[in-house]
Amino acid sequence: MTYCGSRLYTRQSKPSASRRFTHQSLIAKRPRLVSGTLPQAALIPNLEGRLVTMLSIRISLFPVACTILVCLLWSTSAALGADASGADRVVPQISVEGDGAHGQKPISMGNDVTIKITGLDKWLAQEKAKQDLSDLVVYLNGMPIKNTPIRRDGQDQLKIRLQQTSESKTAWSQLLGWPTPSSRPFTISIGHATSPPLPGQDMYVQVISGAWLTFFVVLFLLMLFLFGWMAVYSNIIRESTTLPTSPTGYKPYSLAKLQMAVWFFLILAAFLFIWIVTGQYDSITPQVLGLMGIASGTALGAAVIDNSKNQSASNELTEMRPRSEALSEEIKMLKMLEPKAALMMETMVSRGTAFELRDLDALKEAKADLARKQALLNQLDTKMKDTKSRMSELESTGSFFNDILSDANGYSFHRFQIFVWTIVLASLFVRAVLAEIAMPQFNETLLGLMGVSAGTYLGFKFPERPSKPKSA
C-alpha cells in the first residue's frame, strides 16, 4: 500500500514483467474516490513515478537556466561596450619642453617644468578632471608626488612646479638623496587620481647648484675655522664658573659645552643644506629639537653643578681665611716672644738673679700654646687645600682629550660614555641628512638613550673633582 498526496493506493502483487503501459492506460487504471472513500486496492506503475520525477526536475532547473543565460548575455554586452568605449579612449603622449628636456639645460628645484600632452583637452574631458586641475597627480620615477602645483600654459601644455610639500616630503627624500652638482634623470608622468598615469618621459634635474654648494662649503668651513680659533684661545667651550680664572687664563675644556657645540653646528649645516636643495624652511623636526634640548640642558646642568660646588667651596674658604690669618699672627707673635723670654731667663740664671717658678711655668705654657696653634693652623691649611681642590678653577691639563675625558681620578667612564654616544648619533644624523635630504626622525628610544647618558654624566659631576694640570 502506497500513500501519494491525499490518496492511498495499493500496488498489485503480481504484475507482468513484460507488460508495457501507456499514459492512457495508466490514467484508466488510476483508482478513483467514490463518495469520499478510498479504494481498497490500486495499481501504480513504477514508470509513472519516474516520469513525474523527471518532469519536476526539469521544471525546477528552468529558472536556473534562464538566470545563467541572462548573465551570459549581460557580460557579453558589457564586454562589447567596453571594447567600443576603449576604441574611443584617448591615450595622449607626453613630452618635456624647454629646460629639463634632453639636450637642454637641466631644471632646478623650485622651478616650473613644461610638459606637452597631445590632445590635452580631450583627455581632461575624458578623465572628468576639475577646472583647477587639483585632481591630477604628478609621477616621478613612478612615485606619486601629491599636491604638486599644476597649471595650464597654452594649448596642450602644463606647467608643473618642482616643489616639495608636506604631503610629498617622503617621495622627494627618496628622489633627491645623496645630491651632486651633476644633473639627474627623472621619468615624469601625470595622471588622474582615479586612473593610471600616462606613459612617462625623461627629464633632467639639477638637484643642487654647484655655485650654491661651493658657497655653502666655504661658509661652513669659515665658521668652523673661526670657532676652532676661539675654542683654543678663549673660554668659549671651556668650563664656566663665577670664580676668578687661573693664572694662565685658560680653564679646562667642558665636555657638555663640546656636545652642545657639535649639535649646534650639525643642525645648522643640515638646515642650510636642506634649504639649498629643496628651498624649504620647515625642516626642523621635534626630534631635532629634543636633541638640542638634551645637549643644552646637559651644558646648563653642568654649569649649575660646577657653580654650586664652587660657591659652596668659596663660602667655606671665606669663613676659614680669617681664622687662618688670625692664627698666623698669633703664632708669629709667639715665635717672636719665645726667644726673648728664653734669653731673659738665661740672663737671670747667669747673673744669679732670683726668679719665680711661675715665670718658668708661663714660658712652658707659651711654648705649648705655640705648638697647639701651629697644629691648628696646619689642619686649617689642609682643609683649605681640600676645599680648593673641589673647585673647577684649576688650569687646563694642556690636552683636549684629558680635559673632556678625565677628572682628578683619571679617565672617567661616564665622560667616555657620553662622548661615544655623541659621535655615534652625530654620524647617523649626517648620513640621514645626505640620504634623505631631511632631518632624521630619531625615535623615542634613541632620544631616551641620549637623555640617560646625559643624566648619568650630570649625576657623576656632583662628587667629581676637576683634573689637575700637568707639572712643568
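The values are calculated or read from the model by the stated rules, or taken from the named source; none is laboratory data. These numbers come from a predicted model, not from an experiment. Here the Cβ is made from the backbone with ideal geometry for all residues, glycine too, and neighbour counts use every protein chain on show.
Summary of values
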| read-out | value |
| --- | --- |
| Test: residue in the stretch 428-446 that is farther than 30 Å from Ile208 by Cβ and at pLDDT 80 or above | yes |
| Every residue from the stretch 280-333 that is exposed (fewer than 14 other Cβ atoms within 10 Å of the Cβ) and among the basic types (Lys, Arg) | Arg321, Arg323, Lys332 |
| Some residue of the stretch 210-226 being of a type in the set (Gly, Ala, Ser) and more than 24 Å from Ser173 (Cβ to Cβ) | no |
| Residue in the stretch 218-239 that is touching a residue at least 60 places away in the same chain (Cβ under 8 Å) and surrounded by fewer than 17 Cβ atoms within 10 Å (Cβ to Cβ) present | no |
| Residue in the stretch 184-208 that is nearest to Ile437 (Cα to Cα), counting only those that are in contact with a Ser or Thr (Cβ under 8 Å, 6 or more places away or on another chain) and surrounded by fewer than 16 Cβ atoms within 10 Å (Cβ to Cβ) | Asp202 |
| Index of the failed condition, Ile294 passing every other in (1) at pLDDT 90 or above; (2) within 21 Å of Asn235 (Cα to Cα) | (2) |
| Tally, over the stretch 165-183, of residues that are among the charged types (D, E, K, R) and surrounded by fewer than 16 Cβ atoms within 10 Å (Cβ to Cβ) | 1 |
| First in the stretch 287-310 and farther than 24 Å from Ala426 by Cβ, second anywhere and assigned to a helix (DSSP H, G or I) and at pLDDT below 90, Cβ under 7 Å, 6 or more apart | Ile305/Leu458; Ile305/Lys461 |
| Spans of strands (runs of 3 or more DSSP E) in the stretch 139-240 with at least 2 residues outside the structural domain of Ala299 (by TED's automatic domain parsing) and touching an Asp or Glu at 6+ places or on another chain (Cβ under 7 Å) | 157-161, 183-192 |
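Listed here are the residues, each with its yes/no results for (1) among the small types (Gly, Ala, Ser); (2) buried (at least 20 other Cβ atoms within 10 Å of the Cβ).
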| residue | (1), (2) |
| --- | --- |
| Thr114 | no, no |
| Asp121 | no, no |
| Ala125 | yes, no |
| Leu140 | no, yes |
| Asp153 | no, no |
